[in-house]
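Input: a single structure, listed below in structure tokens.
The values are calculated or read from the model by the stated rules, or taken from the named source; none is laboratory data. Since we're looking at a predicted model, the values are computed, not measured. Quick reminder, even Gly has a Cβ in these numbers, built from the backbone with ideal geometry, and neighbours come from all protein chains shown.
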């Protein structure tokens with residue numbers, strides 16, 4: 001990836017970390033917000049956010065499903081849509097169990113999914129809360 005114009009970012013997980021991150025990056029880059037929760041994806045694609053993590057006017061202003069634009073935000077729950085992106089920021093939850101041990105299954109599943117579509121030169125970034 002030699003040119004910043006070639007940057008296409010996918011945010012994996014659209015919760016309280018991923019959604020605001022997707023919105024900010026979409027102001028400068030082409031961003032795909034990805035989540036396995038189909039109803040969450042549909043809600044966000046229509047410009048609604050029941051979690052109130054996003055400014056709705058800002059969200060609606062950034063939604064752009066055209067792949068031909070250099071900026072904007074689109075949403076998907078189909079991992080095949082990730083193949084056209086080259087930077088992946090994983091923001092899935094890592095909850096703790098009753099013994100205060102992290103449940104890494106969401107992180108592992110996201111990593112396995114990305115492993116199926118990664119290309120040479122792609123970048124994967126993990127953004128997660130730290131457990132005690």
For this session: Within segment 22-38, identify whether any single residue is surrounded by fewer than 20 Cβ atoms within 10 Å (Cβ to Cβ) and within 10 Å of the chain's Cα centre (by Cα), and answer yes or no.
Result: no
For this session: Kindly provide the set of residues from segment 94-112 that are out of contact with any strand residue (DSSP E or B) (no Cβ under 8 Å at 6 or more places or on another chain) and crowded, with 16+ Cβ neighbours inside 10 Å, ordered by number.
Result: 106
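For every residue, the table says whether it meets (1) without any contact (Cβ under 8 Å) to a residue 60 or more places away in the chain; (2) in contact with a strand residue (DSSP E or B) (Cβ under 9 Å, 6 or more places away or on another chain); (3) surrounded by fewer than 12 Cβ atoms within 10 Å (Cβ to Cβ).
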site: 50; (1), (2), (3): yes, no, yes
site: 57; (1), (2), (3): yes, no, yes
site: 73; (1), (2), (3): yes, yes, no
site: 86; (1), (2), (3): no, yes, no
site: 92; (1), (2), (3): no, yes, no
site: 118; (1), (2), (3): yes, yes, no
Exercise. Tell me, which helices (runs of 4 or more DSSP H) lie completely within segment 1-114 with 3 or more residues that are modelled with pLDDT under 90 and at negative phi?
Worked result: 56-62
Exercise. Pick from segment 122-132 the residues that are surrounded by fewer than 14 Cβ atoms within 10 Å (Cβ to Cβ) and modelled with pLDDT of 95 or more: which of them is nearest to residue 36 (Cα to Cα)?
Worked result: 125
